[in-house]
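Contents: one structure, followed by commentary.
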Amino acid sequence: MKGQSWHSAEARRGGWVTTDLILGLVLLVMIMGSIIGAIALQARAAVQLAQETRARLLLEGELERLRGLPEAELVPSVDERFVPFLGVSPSLEAATFRRTVRVEEDAHAARVTLVAEIPRTSGPCIVSIEGILCIHGGQAR
Amino acid sequence: MNGRSERRAQTLNELVAFIGVFVVIVSFAGPAVRRATDVAEASTRLCRASQTAEIAIGLVGSDLRQASIVTYDPAGLGSAAKTWPGGFRLAVRFPDHTAAAYFMQDGALVRYSLAEGLETPMSEKCLRWVMRKDFEQFNVAPVAGDAGLYRIDVAIRIRKPVGRDMQAREQIAHFTTAVRLRVGGSP
């Protein structure tokens, strides 16, 4: 009887150690997985930030180009697609660029909204800038 | 006595097994963790590069907008500074006759303020402002067919310090924009 009870206690103890071992390993894998996941998330965020910066700089360049356009070329439009004149870097090839031009009633100014839509798995990222161009002597400034 | 030694042996076996499994996991996870930290560092550098490019472009753009005269070298601001005698690869003169000049020095973008009437900055009279030392290229050139519009191209090195071949693991991040002179100006 005494020998039997010792064996069963030992078996229970062995079982507990195995369970502890498995639990410890699972915990280790979970911790490492979450660290690697967080780093991957950070890397993706950095790439997205660079993309957004590039898009914003392209839009600012486009707005600067519009500032020198003759008044006749500054036609009102709503969500008109355009290709930035500076060219699109490979990281922004999937992005779409839209332009909205509203000429004010007195025709002395135009409100320009430039939007870049970058597709993402979590939904599109919108980068937009807005500028008011003064129309002087037949030219936007 | 017998039971105690058996228990000891079992504990030792479990310990050896646990250490074995741990070593196997660490040997597999080690490179993954190293790779992950490299990725983390590269992404941090990419974030900084984006911010630096925006700041540098903002400041150069602000100078260009106010400039009355822009002098530039089509080859851009290379690492060799002061290629023009008494001048710089990019210099802007403002309507109040003061000026700002830029050049690249050891990967840093350096801006000098020139006092009125001076062609070269005197060390005691220049305000020196240095950006991060990771600039690969900084180009300012007029856009063909559009007077007064200047294209700015910035390339920033992003180092991935992995292994011994640091050069092979460098990546260049490009940022491009354009700025129009407000006052006037000529190349």
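Only the coordinates and a few stated rules stand behind these numbers; no lab work does. Computed from a predicted model, the values in this text were never measured in an experiment. Counting neighbours? That spans all protein chains shown, and the Cβs are built from the backbone with ideal geometry, glycine included.
Which whole number in µm²/s is D for chain A by Stokes-Einstein, with the Kirkwood Rh taken over Cα pairs at 4 °C and 1.567 mPa s?
66
In nm, give the distance between the simple-model label positions of A:Phe85 and B:Phe94, each being 7 Å from the Cα along the Cα-to-Cβ direction.
About 2.7 nm separates the two model spin labels.
5 Å is the cut-off here: which amide hydrogens, built 1.01 Å from N in the peptide plane, fall below it relative to B:Tyr150, excluding neighbours closer than 5 in sequence?
Distant-sequence amide H within range of B:Tyr150: B:Val143, B:Val179, B:Arg180, B:Leu181.
Taking every residue in B:52-62, how many Cβ atoms of other protein chains lie within 10 Å of its Cβ, on average?
2
Inside 10 Å of the C-beta atoms of A:54-64, what's the mean count of C-beta atoms belonging to other chains?
For this peptide, the per-residue mean of nearby foreign Cβ atoms is 6.
Near the amide H of A:Cys125, under 5 Å away, which other amide H atoms are found, from residues 5 or more places off or on another chain, if H is placed in the peptide plane?
Counting only residues 5 or more places away or on other chains, the set is A:Ile118, A:Arg120.
For region A:31-36, what does the Karplus curve 6.51 cos²θ - 1.76 cosθ + 1.60, with θ = phi - 60°, yield as ³J(HN,Hα) per residue in whole Hz, taken in order and with x for Gly and Pro?
Couplings: 5, 5, x, 5, 5, 5 Hz.
Roughly what would the spin-label model give for A:Ser128 and A:Ala38, points 7 Å off Cα along C-beta, in nm?
Distance between the two pseudo-spin positions: 3.5 nm.
Please work out the Cα center distance from region A:27-48 to region A:68-105, rounded to the nearest Å.
38
Residues with amide H under 5 Å of A:Leu69's amide H, sequence separation 5 or more or different chain, H placed in the peptide plane at 1.01 Å from N; which?
For A:Leu69, the qualifying residues are A:Ala140.
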